[in-house]
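Just so it is clear, none of the values below were taken in a lab; they were calculated from the coordinates. All values derive from a computational prediction rather than experimental measurement. Please note: Cβ atoms are built from the backbone with ideal geometry, for glycine as well, and neighbour counts cover all protein chains shown.
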Amino acid sequence: MNILRKSLLAVLVSGVIAIPAVASNHGTHDKAAGTIVEVAASNADFETLVAAVNAAGLAETLSGAGPFTVFAPTDEAFAKLPAGTVENLLKPENKDKLVALLTYHVVAGKVLAADVVTLDNATTVNGAIADITVTGDTVMVDNATVTATDIPASNGVIHVIDTVIMPK
């Protein structure tokens with residue numbers, strides 16, 4: 001269980017993986033569309049996430065063998081941040097902060113929704129612990145609601161979240 005939690009946390013940390021907006025048939029895909037980065041890049045709802053992943057130099061890592069679990073914030077989630085936050089994080093001099101934020105959205109390993117709901121927290125790739133709360137059918141990672149689950153990638157899985165989560 002501790003390894004699973006560490007893996008889930010790692011996925012939370014990266015935060016750079018995108019989930020297709022049309023993920024209504026959760027977990028029913030027979031074949032992954034590509035790596036986590038490719039899946040995210042193929043969806044217009046994850047332009048900010050993909051730009052952040054590239055600016056942080058994490059695209060190659062998140063395209064690697066994995067597996068990874070990514071809690072992927074949408075463009076709308078990034079838009080909730082205070083004005084100028086994203087632009088500031090994308091500056092080269094803030095790369096370390098961006099990497100820390102994104103890796104907080106990533107957990108090492110492939111953690112499916114059925115596994116996530118059994119956890120109280122997860123250790124992210126950046127080493128910080130994200131809280132997981134399940135109330136009825138609602139799953140929260142810190143203050144973000146999971147809105148779509150089990151989006152397959154060849155090197156892991158993506159869960160869509162509605163808020164950018166911040167490392168503690």
Checklist entry - What are the residues whose amide H is under 5 Å from the amide H of A153, where those residues sit 5 or more places off or on another chain and H is modelled from the backbone? => result I158
Checklist entry - In Å, what is the Rg of the alpha-carbon atoms in the range 86-142, and how long is Dmax? => result 13.7, 42
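Among 114-121, 44-51, 150-157, how do they line up by average Cβ neighbours within 10 Å per residue, starting with the highest? If you can, show how the numbers build up before the last one.
Details: 114-121: 15.6, 44-51: 20.1, 150-157: 24.0.
Packing order, densest peptide first, comes out as 150-157, 44-51, 114-121.
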Next on the checklist: Using a Cα-Cα cut-off of under 20 Å, which aspartates and glutamates could be cross-linked to K97, ignoring same-chain neighbours fewer than 8 residues away?
Outcome noted: E47, E60, D75, E87, D142
Checklist entry - For a label point 7 angstrom out from the Cα of T85 toward its Cβ, which stretches of the range 120-159 have the backbone nitrogen within less than 20 Å? => result 124-133, 140-148, 159
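For the ranges 132-144, 69-81, what's the packing order if you count other beta-carbon atoms within 10 Å of each residue, average per peptide, and put the highest first?
Values: 132-144: 15.5, 69-81: 23.5.
Taking the mean over residues of other Cβ atoms within 10 Å, the ranking is 69-81, 132-144.
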